[in-house]
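The values are calculated or read from the model by the stated rules, or taken from the named source; none is laboratory data. This structure is a prediction, so every number in the text was calculated from the model and none was measured. Note that each Cβ is placed from the backbone with ideal geometry, even for glycine, and that neighbours are counted across all protein chains shown. Just the protein is used for accessible areas: all its heavy atoms, side chains included, with ligands, DNA and RNA removed. Shrake-Rupley method; radii C 1.70, N 1.55, O 1.52, S 1.80 Å.
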Amino acid sequence: MARVLSGIQPSGDLHLGNYVGAISRWAREQQPEHFFCIVNLHAITVPQDPAGLRERTVDLACWLLAAGLDPDVCTLFVQSHVAEHAELSWVLECTATMGELGRMVQFKEKSAGKESVSVGLFTYPVLQAADILLYQADEVPVGADQRQHVELTRDLAQRFNTRFGDTFTLPRATLPEAGARVMDLQLVDKRMAKSVESPQGKILLGESEDETRRKVMRAVTDSGAEVRAAADKPGVSNLLDLMAAVTGTDIAALEAHFDGKGYGDFKREVAEAVNAYLRPVRSRYAELRTDPAMVEESLRKGAGKARAVAAETMEAVRDRVGLLPRA
Ligand code: TYM
């Protein structure tokens with residue numbers, strides 16, 4: 001059975017891209033060998049208000065449980081609860097090069113135009129590699145934007161294995177068939193992203209059905225009239241991809257379904273499909289939010305399970321590198 005690890009940052013509001021690109025698959029395919037990490041150490045690579053970070057961490061756990069992650073099946077935990085993440089990250093930083101980290105697209109985007117950024121933002125992908133390698137993951141279910149980080153992880157694992165002997169499983173990213181790169185509904189050439197300032201372009205899990213409907217109805221399309229996926233129709237293509245992701249229907253069948261219909265009808269159906277898809281999650285979230293003790297207990301339990309696996313890998317790493325064993 002494949003070992004799986006994936007992670008998500010408790011920063012910004014959860015959006016539909018996060019959901020169809022990653023979370024929905026985590027829930028659908030979960031198994032006992034699957035680990036899901038709320039990466040709060042990654043969140044502090046950019047300034048965070050401490051109370052807000054605490055709140056968002058619990059809130060994100062609620063959403064993940066609402067999405068259907070079952071702590072009796074998989075392992076859901078908070079990164080900072082397992083000290084080995086930071087420890088392995090250091091060891092891997094001594095394996096990674098400045099050149100390869102400087103090529104990371106996410107770093108270039110997040111540091112663009114800033115006079116000063118934290119060292120943590122630069123070494124961010126190494127901590128991500130540590131998250132993955134500690135659990136000996138075979139597969140990393142993510143959206144397309146994270147593919148480069150998983151490839152770096154694979155390179156670092158291979159380099160470490162060559163230098164110190166076989167230690168890490170080489171992971172690969174797995175992407176969903178539809179919804180791997182959900183685009184902003186207003187800025188159609190940009191990915192829907194927590195960090196992009198585009199309130200009307202992002203469908204949030206935490207908003208009302210009315211708000212979702214309004215955003216879809218106002219989504220940027222084009223001056224044509226055909227509901228068809230094409231490179232010169234990024235807005236329509238994105239809505240088709242979204243509809244495919246939330247209904248499980250392929251794009252060709254959707255194009256046939258919308259043949260002869262206008263953009264108004266098309267958008268109405270997309271909005272309804274998205275709301276129907278999110279309805280059960282939104283309602284479970286509202287229930288869970290009233291029971292933070294249960295959520296925290298799930299995270300405590302998850303941390304215990306994660307620690308056992310992480311400790312074993314870290315012990316092997318210390319041994320290979322020549323760090324004296326702990327008493
Ligand atoms: P994060 O928190 O930005 O996003 C969480 C997941 O959502 C996916 N995603 C999208 N998928 C489709 N369309 C979009 N518009 C979209 N936006 C986001 C992301 O690809 C991701 O799968 N560095 C990671 C967190 C991380 C991690 C890990 C992931 C830390 N350690 C280990 C995997 C394994 C990040 O910032 O994700």
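In order along the stretch 104-114, the Karplus-derived 3J(HN,Hα) couplings, from 6.51 cos²θ - 1.76 cosθ + 1.60 at θ = phi - 60°, round to 5, 4, 4, 5, 4, 5, 6, 9, 4, x, 8 Hz, and Gly and Pro are given as x. Computed on the stretch 209-286, with alpha-carbon pairs under 8 angstrom and 6+ residues apart, the relative contact order is 37 percent. The packing ranking, built from the mean of other Cβ atoms within 10 Å per residue, places the peptides 215-221, 16-22, 319-325 in the order 16-22, 215-221, 319-325, highest first. Full extension of the segment from ASP250 to VAL117, taken as 0.36 nm per residue of separation minus the current Cα-Cα distance, would add 43.7 nm.
Peptides 55-65, 226-236 ranked from most to least packed by the mean count of surrounding Cβ atoms within 10 Å: 55-65, 226-236.
Calculated FRET efficiency, ARG54 and SER198, Cβ-Cβ r, R0 22 Å, to nearest 0.05? After rounding to 0.05, the efficiency reads 0.25. Nonpolar atom fraction for the stretch 209-286, defined as the carbon and sulfur part of the 1.4 Å probe accessible area, stands at 52 percent.
The stretch 240-286 and the stretch 8-30 have their alpha-carbon centroids 18 Å apart. Taking 0.36 nm per residue of sequence separation and removing the Cα-Cα distance, the THR95/GLU29 pair yields an extension gain of 20.5 nm.
Here the peptides 115-122, 150-157 are ranked by packing, the mean other Cβ count within 10 Å, and the order with the highest first is 150-157, 115-122.
If you wrap the tightest convex hull around every Cα atom of the stretch 209-286 and split its volume per residue, you get 83 Å³. Pairs of Cα atoms nearer than 8 Å and 6+ residues apart set the relative contact order; for the chain it is 23 percent. If you plug the beta carbon distance of ASP70 and ALA276 into 1/(1 + (r/R0)^6) with R0 = 25 Å, you get a FRET efficiency near 0.65. Using R0 = 35 Å, the C-beta based FRET efficiency linking ARG300 and ALA230 works out to 0.10. Each Cα pair under 8 Å and six or more residues apart adds its sequence gap; the mean of these over the residue count of the stretch 29-149 is a relative contact order of 33 percent. Other residues within the sphere of radius under 11 Å centred on the Cβ of VAL182, judged by their own Cβ, net out at +1 (K and R +1, D and E -1).
Legend: Rg and Dmax of the chain, from Cα coordinates, 20.6, 73 Å.
Divide by every residue of the chain the summed helix terms, -39500 (n - 2.57) for each DSSP H run of at least 4, and state the resulting mean residue ellipticity at 222 nm, rounded to the nearest 500 deg cm²/dmol. Value at 222 nm, helices only, nearest 500: -16500 deg cm²/dmol. Heavy atoms of the protein chains alone define the surface here; on that basis the chain has 46 Å² accessible area per residue at 1.4 Å probe size. Beyond 28 Å in Cα-Cα separation lie the following of the pairs LYS215/LYS301; LYS108/LYS305; LYS190/LYS267; LYS108/LYS194; LYS108/LYS202; LYS110/LYS267: LYS215/LYS301; LYS108/LYS305; LYS110/LYS267.
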